[in-house]
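A.B. asks: Here you go, one structure.
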Amino acid sequence: MKTFAPDPKINKSLRYSIFDGAAYNAMLGFTQDFMAPLALALKASTGQIGLLASLPNLALAISQLGSPYISERLGSRKALIIPVVLVQALLWLPILLLPQLFEGNAVWWLIALFTAGSVFGAFGNPAWGSMMADLVPVAMRGRYFGLRNKIGGMFLLGGFLIGGAVLELSGRHAMIGFSVLLGGAMLFRLASAFFLSRMYEPPARRCPDKFNPFKELRNLPASGGGRLSMYVAALMMSTYIAAPFFTVYLLKDIGVSYGIFVIIIAAAAITNFLFMGFWGRLADRRGQFKVMRLTSYVIPFVPILWLGGHGLIYLIVIQAISGIAWSGFNLSATNLLYESADPERRTRVIALFNALSGLALCGGALLGGLLAPVLPKIGGHAFLTLFLVSGILRGITVAVLLPKIAPSGRGAQVPNIPSRPFIPALRRITMWATIQLWSLGILVSRMLPTRAARFSAPQLEQKRPVEPYPPWPG
């Protein structure tokens, strides 16, 4: 069994945290990419899809501002984390019963219940992040969280593939398939709560001053963690202008089958967990900031690449690039946030980071929903124009805001890191990505020769007729 820390109590807790991450990601695999398809199956409009993507993030952002206050009043981080996780687990049950309970307004109830579940699921995140930063030794945060995220990514992908198979097998009875997924999500989140309850909580360091979220927000530009939070929030907003609508573009505009949809989405998850360990080791050696900077340069190109075509292998490659870039960015940004805050203020810094990110995700999704119907079309698709806008805004964000959080001061970089160029790392990334994408492309082309053919341009001009209640909205 891998040893993470010399203290057996801490080492055991870190193993439990990996189990918690696996169960949590399995829940996400059953739900994260299926909420928009579920809404489409319930006859949701494009505007409702935008609300489903944006409203949970708005409510989540607002709730984060109260999380440090409650956590500090309780005096125990686990006393907040475990109850809210249990509530999120139980909220999957009414969502599962939506078609039976709320037949006429099922979409609106889905938005409301999913929003409530998202709030409870994230309300304990600042306390959890503070506890994990105390548990994980500083020198191995990249490797530990890289391993935890890698294992979690495997369960995320497994849950997603199983979910896709369940819906494919459910045929015309798609709602039965969704019920199976939501029931599984509830069980995995309950397992997550169990593993969290078994973890040791180090004594929390109390902050001497009273928490005032408005004062903290005003002081954001003056701190390294604040500037990092503003940069990530701006990048998330420009990303979420397009992110909720990739699913709609594939399922409605292009009209792909559900099996093809699963393969395309899964490509990002596969490369995400394949590269997580690599990014973690690189971050521990070279510094979290350097990994975040490198991946930030790639992220703006991802949505723009969607304009290059809609061939199956091409879309898989785009998703793979996205998974590689976002895995390194998310890992390094989170660890950089932990480094930027004093231990007694870490819960507050994480809460503000989450609040800004949630507001940015909400604003981006709402803006994308408003822009999509009025934008001029590229290649006959307004969503492609939306993807282009998202890529341009991401590039502007990186060019303008990333230099403002250049390495300086506490938490901006790991001490004593040599400043050699990233050429060796880039070579390893290129070689590893080439091998993985080549293998994945051959596997998919052999498994689905007839499916890939339907992506050719002449066939795409002939849209499939929409059945009154198809097994999957096309």
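The values are calculated or read from the model by the stated rules, or taken from the named source; none is laboratory data. Just so it is clear, the model here is predicted, and its values are computed rather than measured. Using ideal geometry, Cβ is built from the backbone for each residue, glycine included, and neighbour counts are taken over all protein chains shown. For accessibility, only protein heavy atoms count, side chains too; no ligands or nucleic acids. Shrake-Rupley method; radii C 1.70, N 1.55, O 1.52, S 1.80 Å.
A.B. asks: For the stretch 418-436, does any single residue satisfy the condition of being open to solvent by less than 30 Å² (accessible area, probe 1.4 Å), at pLDDT below 90 and over 24 Å from LEU336 (Cα atoms)? So that I can check it myself, show each step before the final result.
C.D. replies: Of the residues in the stretch 418-436, the ones open to solvent by less than 30 Å² (accessible area, probe 1.4 Å) are 422, 425, 429, 433.
From what's left, at pLDDT below 90: 422, 425, 429, 433.
Checking which are over 24 Å from LEU336 (Cα atoms) leaves us with 433.
Scanning the stretch 418-436 turns up at least one residue that is open to solvent by less than 30 Å² (accessible area, probe 1.4 Å), at pLDDT below 90 and over 24 Å from LEU336 (Cα atoms).
A.B. asks: Now, a different point. Within the stretch 275-307, how many residues turn out to be crowded, with 20+ Cβ neighbours inside 10 Å and aliphatic (A, V, I, L, M)?
C.D. replies: Summing the residues that are crowded, with 20+ Cβ neighbours inside 10 Å and aliphatic (A, V, I, L, M) in the stretch 275-307 gives 8.
A.B. asks: Open to solvent by 20 Å² or more (accessible area, probe 1.4 Å) and touching a residue at least 12 places away in the same chain (Cβ under 8 Å), is that true of LEU386?
C.D. replies: Values: open to solvent by 20 Å² or more (accessible area, probe 1.4 Å): no; touching a residue at least 12 places away in the same chain (Cβ under 8 Å): yes.
Spelling it out, it is not the case that LEU386 is open to solvent by 20 Å² or more (accessible area, probe 1.4 Å) and touching a residue at least 12 places away in the same chain (Cβ under 8 Å).
A.B. asks: Look through ALA112, ALA89 and report the one residue that is at negative phi, open to solvent by 20 Å² or more (accessible area, probe 1.4 Å), of a type outside the set (Val, Ile, Thr) and at pLDDT 90 or above. Explain how you work it out, then say what you get.
C.D. replies: Numbers: ALA89 fails: open to solvent by 20 Å² or more (accessible area, probe 1.4 Å).
Residue meeting the stated conditions: ALA112.
A.B. asks: If I ask for residues that are farther than 24 Å from GLY277 by Cα and open to solvent by 10 Å² or more (accessible area, probe 1.4 Å), which ones from the stretch 313-335 would you list?
C.D. replies: Taking the stretch 313-335 and keeping what is farther than 24 Å from GLY277 by Cα, we get 313-315.
Across the stretch 313-335, the qualifying residues are ILE313, TYR314.
Residues are listed down the side, and each one gets a yes or a no for (1) within 12 Å of LEU86 (Cα to Cα); (2) open to solvent by 10 Å² or more (accessible area, probe 1.4 Å):
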| position | (1), (2) |
| --- | --- |
| SER170 | no, yes |
| ALA174 | no, no |
| GLY177 | no, no |
| ALA193 | yes, no |
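A.B. asks: Still on this structure, please answer the following. Does any residue of the stretch 27-47 turn out to be open to solvent by 30 Å² or more (accessible area, probe 1.4 Å), assigned to a helix (DSSP H, G or I) and under 23 Å from ASN335 (Cα atoms)?
C.D. replies: Yes, the stretch 27-47 has at least one match.
A.B. asks: Also, quick follow-up: Among residues belonging to the stretch 236-252 that are more than 14 Å from the chain's Cα centre (by Cα) and of a type in the set (Ser, Thr, Tyr), point out the one that is surrounded by the most Cβ atoms within 10 Å (Cβ to Cβ).
C.D. replies: SER238
A.B. asks: State all residues of the stretch 99-123 that are among the aromatic types (Phe, Trp, Tyr), assigned to a helix (DSSP H, G or I) and over 19 Å from the mean Cα position of the chain (by Cα); if no residue qualifies, say none.
C.D. replies: The answer is TRP108, TRP109.
A.B. asks: Out of the residues in the stretch 179-234 that are among the charged types (D, E, K, R) and within 24 Å of the chain's Cα centre (by Cα), which is nearest to TRP128 (Cα to Cα)? First the steps, then the outcome.
C.D. replies: The first filter runs over the stretch 179-234 and keeps only residues among the charged types (D, E, K, R), leaving 189, 198, 201, 205-206, 209-210, 215-216, 218, 227.
After this cut, where a residue has to be within 24 Å of the chain's Cα centre (by Cα) as well, the list is 189, 227.
Details: ARG189: 15, ARG227: 22 Å.
Step by step, filter the stretch 179-234, then rank; the result is ARG189.
A.B. asks: Among the residues of the stretch 196-241, what is the count of those that are assigned to a helix (DSSP H, G or I) and modelled with pLDDT of 80 or more? Please lay out each step first, then the result.
C.D. replies: Filtering the stretch 196-241 down to residues assigned to a helix (DSSP H, G or I) leaves 196-197, 213-218, 220-222, 224-240.
Filter again for modelled with pLDDT of 80 or more, leaving 196-197, 226-240.
Final tally of qualifying residues: 17.
A.B. asks: In the stretch 355-379, what count of residues is obtained for those that are open to solvent by less than 50 Å² (accessible area, probe 1.4 Å) and either of a type in the set (A, V, I, L, M, F, W, C) or farther than 19 Å from PRO244 by Cβ (or both)?
C.D. replies: Here is the first cut: in the stretch 355-379, the residues open to solvent by less than 50 Å² (accessible area, probe 1.4 Å) are 355-358, 360-365, 368-369, 371-372, 375.
From what's left, either of a type in the set (A, V, I, L, M, F, W, C) or farther than 19 Å from PRO244 by Cβ (or both): 355-356, 360-362, 365, 371-372, 375.
Final tally of qualifying residues: 9.
A.B. asks: Taking only the stretch 342-388 into account, find how many residues are out of contact with any helix residue (DSSP H, G or I) (no Cβ under 7 Å at 6 or more places or on another chain), assigned to a helix (DSSP H, G or I) and closer than 25 Å to LEU55 by Cβ.
C.D. replies: Final tally of qualifying residues: 4.
A.B. asks: Which condition number in (1) more than 21 Å from the chain's Cα centre (by Cα); (2) buried (at least 23 other Cβ atoms within 10 Å of the Cβ) is the one that TYR338 fails?
C.D. replies: Failing condition for TYR338: (1).
A.B. asks: Now, a different point. Identify, please: which residue in the stretch 141-168 is among the small types (Gly, Ala, Ser) and open to solvent by 20 Å² or more (accessible area, probe 1.4 Å) and is, among those, nearest to the chain's Cα centre (by Cα)? Please lay out each step first, then the result.
C.D. replies: In the first step, residues of the stretch 141-168 are kept if they are among the small types (Gly, Ala, Ser); the result is 142, 146, 152-153, 158-159, 163-165.
Restricting the remaining residues to those that are open to solvent by 20 Å² or more (accessible area, probe 1.4 Å) gives 158, 165.
Details: GLY158: 16, ALA165: 22 Å.
Here the residue is GLY158.
A.B. asks: Of all residues being over 19 Å from the mean Cα position of the chain (by Cα) and open to solvent by 10 Å² or more (accessible area, probe 1.4 Å) in the stretch 124-140, which is farthest from MET292 (Cα to Cα)? Just the residue, please.
C.D. replies: Here the answer is ASP134.
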